Amino acid sequence: MSRRILIAGNWKMHGLRSDLGFFDALAVHAGKSNAEVLVCPPSTLLSAAAERCAGTAIRLGGQDCHTGATGAHTGDVAAVMLHDAGARYVILGHSERRSDHAESSSLVCAKAGAALSAGLTPIVCVGETREQREAGEAFDIVAAQLGGSLPAATGSGIVIAYEPVWAIGTGLTASASDVARMHAFIRTRLPEPATTRVLYGGSVKPGNAAELMALDDVDGALVGGASLDIDAFASIIATAG
């Protein structure tokens with residue numbers, strides 16, 4: 001079964017209203033691509049970005065959400081709020097959330113359930129540290145994260161992003177053979193392997209995107225720093241056809 005390539009940009013804690021012109025330039029490239037093009041800006045920009053992207057092929061997403069729809073949770077953002085602001089996806093369980101905020105897989109699972117209930121597609125991130133890989137634990141770690149982070153009966157309404165922690169923002173990238181092995185392994189652990197998209201993330205850039213996108217079980221990319229540069233991001237999108 002064919003799975004549409006998804007190229008997702010994670011802006012992390014970057015972006016001001018003065019940067020919204022990025023979407024005007026991106027719209028040209030997204031409109032010509034066979035891939036689904038997604039940008040996850042900070043939540044402060046979602047509503048303004050949604051207005052800017054109306055009528056274009058660009059999809060928008062959030063970078064995290066709370067497990068509840070409402071409540072006394074100062075500083076948190078609910079999945080329904082993201083949807084209301086124009087998001088249709090949300091990144092969950094990114095390694096920076098798991099490490100900086102001590103997020104467990106069970107919490108990620110609860111957030112994913114909230115996202116699905118709000119009409120969002122969760123992009124659930126998994127990946128091992130360098131120490132875990134060198135200890136031969138990479139597959140066990142990823143299997144445990146998948147098992148703990150995915151809601152029951154998830155089906156194809158979810159996206160997985162494999163991001164080896166040691167390759168995020170370091171300039172290092174897993175070898176094509178390492179990515180191929182891990183993505184094939186991840187697919188064996190999914191409830192609906194034929195339809196669930198599995199993205200690769202971890203220093204994806206124009207120089208390595210084509211090789212990564214050519215791998216059988218890679219259905220796109222979760223792009224960090226390169227998604228902030230329109231030329232670099234457009235080049236990555238172009239590799240998807």
| remark: Scanning the stretch 72-102 residue by residue, those outside any loop (DSSP other than H, G, I, E, B) and either under 21 Å from Ser117 (Cα atoms) or of a type in the set (A, V, I, L, M, F, W, C) (or both) turn out to be Ala78, Ala79, Val80, Met81, Leu82, His83, Asp84, Ala85, Tyr89, Val90, Ile91, Leu92
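From Asp24, Asp100, Asp76, which residue is over 19 Å from Ile160 (Cα atoms), touching a residue at least 12 places away in the same chain (Cβ under 8 Å) and of a type in the set (Asp, Glu)? Walk me through how you get there before you give the answer.
On the way: Asp100 fails: touching a residue at least 12 places away in the same chain (Cβ under 8 Å); Asp76 fails: touching a residue at least 12 places away in the same chain (Cβ under 8 Å).
Testing whether each residue is over 19 Å from Ile160 (Cα atoms), touching a residue at least 12 places away in the same chain (Cβ under 8 Å) and of a type in the set (Asp, Glu) leaves just Asp24.
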| said: Give me the residue from the stretch 185-209 that is over 18 Å from the mean Cα position of the chain (by Cα) and of a type in the set (Gly, Ala, Ser) and, out of that set, farthest from Asp140 (Cα to Cα). | reply: Gly207
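Could you count how many residues in the stretch 54-73 are more than 26 Å from Asp24 (Cβ to Cβ) and more than 14 Å from the chain's Cα centre (by Cα)? Quick ask: steps written out before the conclusion?
Pass one, the stretch 54-73, residues more than 26 Å from Asp24 (Cβ to Cβ): 64-73.
If we keep only those that are more than 14 Å from the chain's Cα centre (by Cα) as well, we get 66-73.
The total comes to 8.
Just to check your reading of the model, which residue among Arg98, Arg17, Arg59 is of a type in the set (Lys, Arg), surrounded by fewer than 22 Cβ atoms within 10 Å (Cβ to Cβ) and under 30 Å from Gly241 (Cβ atoms)?
Numbers: Arg98 fails: under 30 Å from Gly241 (Cβ atoms); Arg17 fails: under 30 Å from Gly241 (Cβ atoms).
Residue meeting the stated conditions: Arg59.
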| Could you give every pair whose Cβ atoms fall below 6 Å, whose first residue belongs to the stretch 31-43 and is surrounded by fewer than 24 Cβ atoms within 10 Å (Cβ to Cβ), and whose second residue is among the charged types (D, E, K, R) and assigned to a loop (DSSP other than H, G, I, E, B), counting only separations of at least 6 or pairs across chains? | Glu36/Arg4
| message | Restricting to the stretch 171-188, give me the number of residues that are surrounded by 18 or more Cβ atoms within 10 Å (Cβ to Cβ) and part of a loop (DSSP other than H, G, I, E, B). | response | 2
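Would you mind stating whether Ala54 is without any contact (Cβ under 8 Å) to a residue 12 or more places away in the chain and of a type in the set (A, V, I, L, M, F, W, C)? Quick ask: steps written out before the conclusion?
Numbers: without any contact (Cβ under 8 Å) to a residue 12 or more places away in the chain: yes; of a type in the set (A, V, I, L, M, F, W, C): yes.
So Ala54 fits the description; yes.
A quick yes/no check of all residues on (1) without any contact (Cβ under 8 Å) to a residue 40 or more places away in the chain; (2) under 20 Å from Val39 (Cα atoms); (3) not basic (Lys, Arg):
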residue: His183; (1), (2), (3): yes, no, yes
residue: Thr188; (1), (2), (3): yes, no, yes
residue: Glu192; (1), (2), (3): yes, no, yes
residue: Tyr200; (1), (2), (3): yes, yes, yes
residue: Ala210; (1), (2), (3): yes, yes, yes
residue: Leu215; (1), (2), (3): yes, no, yes
residue: Ser235; (1), (2), (3): yes, yes, yes
residue: Gly241; (1), (2), (3): no, yes, yes
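Values in this text are rule-based calculations from the coordinates and carry no lab data. This one's a predicted model, so the numbers in the text were calculated from it and none came from an experiment. No Cβ is skipped: glycine too gets one built from the backbone with ideal geometry, and neighbour counts run over all protein chains shown.
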